[in-house]
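What follows is a single structure, written as structure tokens, with notes after it.
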Amino acid sequence: MSKDYIRPMPKRWWTTRPGWAKFMLREWTALPVAIYCGVLIAMAAAARSEASWQGFCDWLETPLSMILHVIVLAFALLHTVTWFAAAPKAIRVFRGDEQVPEALVAGGHFAAWVVVSAGFALLVVGL
Amino acid sequence: MSIPVYDVLIVGGGGAGLRAAIAVAQADPTQRVAVVSKVYPMRSHTVSAEGGAAGVIKDNDSAEDHCNDTIGGGDWLADQDAVEAFVEEAPKELIQLEHWGCPWNREADGSVAVRPFGGMKIQRTWFASDKTGFHMLHTLFQTSQQFDPVTRYDEHFVFDLLVHDGRCQGVACIELKTGEVRIIAGRSVILCTGGGGRIFPFTTNAAIKTGDGMGLAYRAGVGLKDMEFVQYHPTGLPGTGILITEAARGEGGILLNKDGRRYLQDHDLGSPLEVSDPRHPQLKSMELGPRDRLSQAFYWEREAGNVFTSDDGDYVHLDVTHLGEKKINKRIPFVRDTALKYVGVDCVKEPIPVRPVVHYMMGGVDTDIDAATSLPGLYAAGECACVSINGANRLGSNSLTELLVFGKRAGMGAAAFAKANPEVAVDALAAQVGDKAARLKSLYSEGREGEASIASIRRTLTSAMETGAGIYRDQARLDALCETLREIKARIKDLRITDRSKTFNTQLVQALELEFMVDAAEAVAFSASARKESRGAHQRLDFKERDDGAFLKHSVAFKSDGDPRIDYKDVSITKWPPAERVYGK
Amino acid sequence: MASSATKIEGKTVTLEIFRYQPDDETEPRYDTFEVPYREDWVVLDAINWIKDEVDGSLSYRWSCRMGVCGSCGMMVNGEPKLTCAVFLRDYYPKPMRIEPLEHFPVTRDLVINMDDFMGKMEKLQTWIVPKEPRTIEEGEYRQTPRQLADYKQYTMCINCMLCYSACPVYGLDSSFLGPAALTLGRRYSLDSRDGAKDERAELIQSDEGVWSCTFVGECSRVCPKNVDPAGAIQAGKVEGTVDMMKSMLMPWGRK
Ligand SMILES: Cc1cc2nc3c(=O)[nH]c(=O)nc-3n(C[C@H](O)[C@H](O)[C@H](O)COP(=O)(O)OP(=O)(O)OC[C@H]3O[C@@H](n4cnc5c(N)ncnc54)[C@H](O)[C@@H]3O)c2cc1C
Ligand code: SF4
Ligand code: FES
């Protein structure tokens, strides 16, 4: 009967389209961010005794830790940006009979993010 | 070969076909329905309709007014009993579609909104932004999916009606995917195959509109009624023929010749109001006159050398710039989009080049008010049929409603016929198809080394139609056209087919479609040649007046061995005696 | 192989077209055609020119040539496009590679098999199941422009299948209901006239439904009608989550 030709997906399918590559980048970078959360937990554990806290602080100043932080920061930023950019997809806002443009909704999220981050920064610096 | 038998077999899955299918399934769930369509139903041409569907709903409107506009618009050739039934059932059908989920535009209070349309004295056109046909078709298709008795044969091309014992009892078709010839039997058959605008070179019609159903009926001995009436839409894009909806004028767009003059005032269509005047646009006047008259005005402007010329043919300007960006984006976004894409014009800033293009066929398979044809068991509805409610010229937005009203009537009529005539001669049908199937099979396996290419014959046909049966006609040009058609009928026997494959052989489909196109074209040409008067969309330079004495009649073309035979049938007149068509007063 | 015998005057452009003829071949091939370049031609015009003038056996679907019937979707240089809505001028003078929409079985040449989608629509009950049935005599349901706006965008889908070609999840596992079908399901669930939201939710919230979506987002980018299927799916996830929370926290609140 039917002799339809099936084209299987190539093994490295995500390399074939920029949109898919971006998606995979998001997937893969999620892992390091998760691991970094482990680091934070280690920090909490270290805070229990003076000595281990000091050791932890020393490690934080090593170049390796610096590099790790820069990378994780970059990844975390990527996730923040893509998350907020996606927000209007999940939340449709109406004003009157018309949908508020997506850019505006996303813009609102970004603005809120900046404000909250600034607040935290003040808090930390203020300490 | 096992032959499936249905109670009602519908050819065509456009607006008319789907409405008929649902009507049968709802009325009696024990009856089995088949919908056979050469494309997936939601690809049918109804999808392209933009403007809207007419039906009396508002308090300031009345059935009387809708009848008046329709009958006058049709230059008194419409059957008035049919128009009355149509106008009466129209709002019910549109409400039915609303219940099925059609996203009609709404007023603030949640009731449906209506817009003005050409030739209508009162606003009564229901619309779903500027994609009305699209929304109607998808609503009908999605709704039809819930009815189990409806079986679909998608991408099956019907090439023959099977008649036995004086009754239509089924169809022969090709399943495109496999190339198999199939017989499907039906206790009754409804043709809903749409129009045939593709017999002309410049048309708003989609590629699938090749007049197949008209050809099928014609070959089975059924008459084609009023085929000489072909509607030109005044505003198509030069080159592609893509439509700029009448809604552009309904919203206030104006037509200008190359000197920037609103030339319609010179052609008896009223006098223009300033575009800033709150009374502009005036219903049934100037730009909102009927389509035939607007297209004819273009012809005379061209004769007088008042139009623009280009490689894609002559054109005039449709100017909507005064509406402003906001209104354009809100009310006619698709117009802006289309003009920008296909002619590179942003209508917010510049006028759009437009020309008349073939849009709709008023004529079609001759049916009575219940959609029955002269062949027992065969029904027809939609653009392929001619009841007639459109007479010599259809008013914009009456057609979409017609699909619903007469689609339903056809469904009910066919279902009743099936109940009364349960027996089907399956073996006799199979025997009939043998020869034709063999011919098709040999086309697949051997192809045909003919002289004539499909494209070249199609070009000859369409350009002959434009010259011979265009906006204005005369005997000499019509005679030349008839002669060309005789030649084409001889040449087409020698069509070249190079595709030997059974799977999805679109070249074979094109060849079969071309044969149907020739049938439809022949009926148009010979009916036009015989009608020696001017009425509605049929305008003759050699017979400029309407002649009610001789031609207040429907023409009916019958196939014969040589030229078709043209008969005449009386028009049903109930309350509206023929009068002069007046616009702009 | 095939190159045009017809002599073309003026500028030309090269089209490389995927061919598959199951009657006598088991593998596809690519044919190269030289076609006239015209500023106002869409890609479909060039393909039609090939069929009329060079190779009548080339098979593909098209009809309206105005971007509304949804027939003419193909891969153009690896991107899913409506070929009646993209112009040669968008690619000129580079050659173009035309292939059938990805992730679908190929029936022949540029014709894909889309039976799968048709079945999915039906499964999702893409029709109104009236919340409060009404007779014709009672007139239309009242629906305010605001209520219309809730679902209107999702009615604009022309079933062109471009989004499925852009979706790797569907490419890897075709049991995923996919962008257009899920969006159409949601369209009806959001309609003020409809009462089958809960029934549809079972399928929409199932493994084949919204939760298979990993939010690649390409479907919305390639959609020619701005339907935003990705948005419909994400909103479906949010709704599913809220409903689940509600039924956990207030089991008495839902039936
Ligand atoms: C651009 C455009 C805009 C329009 N706008 C409006 C408007 O605003 N208002 C209005 O009232 N009217 C409008 N019209 C007219 C109206 O859209 C058509 O008259 C109407 O849609 C025809 O519907 P139908 O159901 O008769 O046929 P179609 O929708 O054309 O369906 C025909 C069906 O028959 C099938 N078929 C045909 N031949 C075969 C075969 N051989 N074998 C199997 N199946 C076959 C096809 O597959 C298809 O399913 C417009 C027309 C055009 C071209
Ligand atoms: S959602 Fe968009 S891309 Fe997908 S089928 Fe519908 S119109 Fe096409
Ligand atoms: S041909 Fe209809 S969408 Fe392209």
When Lys and Arg each count +1 and Asp and Glu each count -1, what net charge do the other residues less than 13 Å away from B:A207, Cβ to Cβ, add up to?
+4
In whole Hz, the Karplus estimates of ³J(HN,Hα) for region A:11-22 (6.51, -1.76, 1.60; θ = phi - 60°; x where Gly or Pro) are 4, 9, 4, 5, 7, 7, 9, x, x, 6, 4, 4
Averaged over residues of A:85-98, the number of beta carbons from other chains lying within 10 Å of each residue's Cβ is 5
With the contact rule set at Cα under 8 Å and sequence spacing of 6 or more, what percent relative contact order holds for region C:74-196?
31 percent
Through the Karplus equation 6.51 cos²θ - 1.76 cosθ + 1.60, θ set to phi - 60°, convert the phi angles of region C:52-62 into ³J(HN,Hα) values in whole Hz; use x for Gly and Pro.
6, 9, 10, 9, x, 8, 5, 10, 6, 10, 6
Using modelled amide H (1.01 Å from N, peptide plane; none on Pro or chain starts), what sits under 5 Å from the amide H of B:I332, excluding residues fewer than 5 places away?
none
Would you mind getting the Kirkwood hydrodynamic radius of region B:36-195 from its Cα pairs, rounded to one decimal in Å?
18.2 Å
GluC sites (Glu not before Pro) lying in DSSP loop within region B:511-576, provided at most 15 other Cβ fall within 10 Å:
B:E545
For a quick check of your reading of the filter: which trypsin sites (Lys or Arg not before Pro) in region A:25-127 sit in a DSSP loop and have no more than 13 other Cβ atoms within 10 Å?
A:R48
Across the residues of B:121-130, average count of Cβ atoms on other protein chains within 10 Å?
1
On average over all directions, what projected area in square nanometres does the protein assembly as shown have, based on the convex hull of its Cα atoms?
45.4 nm²
Diffing region B:91-96: the Karplus 3J(HN,Hα) column from phi (6.51, -1.76, 1.60, θ = phi - 60°), in whole Hz with x for Gly and Pro, holds x, 4, 5, 5, 5, 4
Other chains' Cβ within 10 Å of C:229-237 residues: what's the mean?
3
How big is the accessible area of B:I57 in square angstrom, nearest 10, if you roll a 1.4 angstrom probe over the protein chains?
50 Å²
Taking the Cβ of C:E137 as the centre, find all other residues whose Cβ is under 14 Å away and add up their charges (Lys, Arg: +1; Asp, Glu: -1).
-4
Non-local amide H neighbours of B:Y6 (under 5 Å, H modeled in plane, Pro and chain starts lacking H): which ones?
B:A185, B:G186, B:R187
Whole-number percent relative contact order across chain B, with pairs defined as alpha carbons under 8 Å at least 6 apart
22 percent
Once you place label points 7 Å from the Cα toward the Cβ at B:K553 and C:K7, how far apart are they in nm?
5.6 nm
Pull up all non-local amide H partners of B:R535: gap of 5 or more, or a different chain, and H-to-H distance under 5 Å with H placed in the peptide plane.
B:R540
Helix B:426-446 sits off the longest principal axis of the Cα atoms of chain B, rounded to the nearest 10 on a 0 to 90 degree scale, by 80 degrees
Quick one: check the C-alpha center-to-center distance for region B:460-503 versus region C:187-255, whole angstrom.
54 Å
Sort region B:66-161 into rounded, prolate or oblate with this rule: let a ≥ b ≥ c be the square roots of the eigenvalues of the Cα gyration tensor; rounded if a/c is under 1.5, and if a/c is not under 1.5, prolate when a/b is larger than b/c, oblate otherwise.
oblate
Accessible area of B:S285, 1.4 Å probe, to the nearest 10 Å²?
10 Å²
With each pseudo-label sitting 7 Å past Cα toward Cβ, what's the A:L68-B:R491 distance in nm, one decimal?
8.1 nm
Given that compact globular proteins tend to follow 2.2 N^0.38 Å, what is the ratio of the alpha-carbon Rg of chain B to that value?
0.92
Please find the FRET efficiency linking B:E350 to B:L541, where r is the Cβ-Cβ separation and R0 is fixed at 41 Å, and quote it to the nearest 0.05.
0.75
Ignoring everything except DSSP H segments at least 4 long, calculate the 222 nm mean residue ellipticity for the protein assembly as shown; use -39,500 (n - 2.57) per segment, divide by total residues, nearest 500.
-12500 deg cm²/dmol
Working with all protein chains in place, sort B:F526, C:F33 by solvent-accessible area computed with a 1.4 Å probe, largest first.
B:F526, C:F33
C-alpha long axis of helix B:291-303 to longest principal axis of chain B, angle in °
70 degrees
Between the Cα axis of helix B:333-343 and the main Cα principal axis of chain B, the angle (0 to 90°, nearest 10) is 80 degrees
Candidate cut points under GluC sites (Glu not before Pro) in region A:1-92, DSSP loop plus at most 12 other Cβ atoms within 10 Å of their own Cβ, are A:E61
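The values are calculated or read from the model by the stated rules, or taken from the named source; none is laboratory data. Source: prediction; values computed, not measured. Methodologically, a virtual Cβ is constructed for each residue, glycine included, from the backbone with ideal geometry; neighbour enumeration extends over all protein chains shown. In case anyone asks, the SASA skips ligands and DNA or RNA and just uses the protein heavy atoms, side chains included. Shrake-Rupley method; radii C 1.70, N 1.55, O 1.52, S 1.80 Å.
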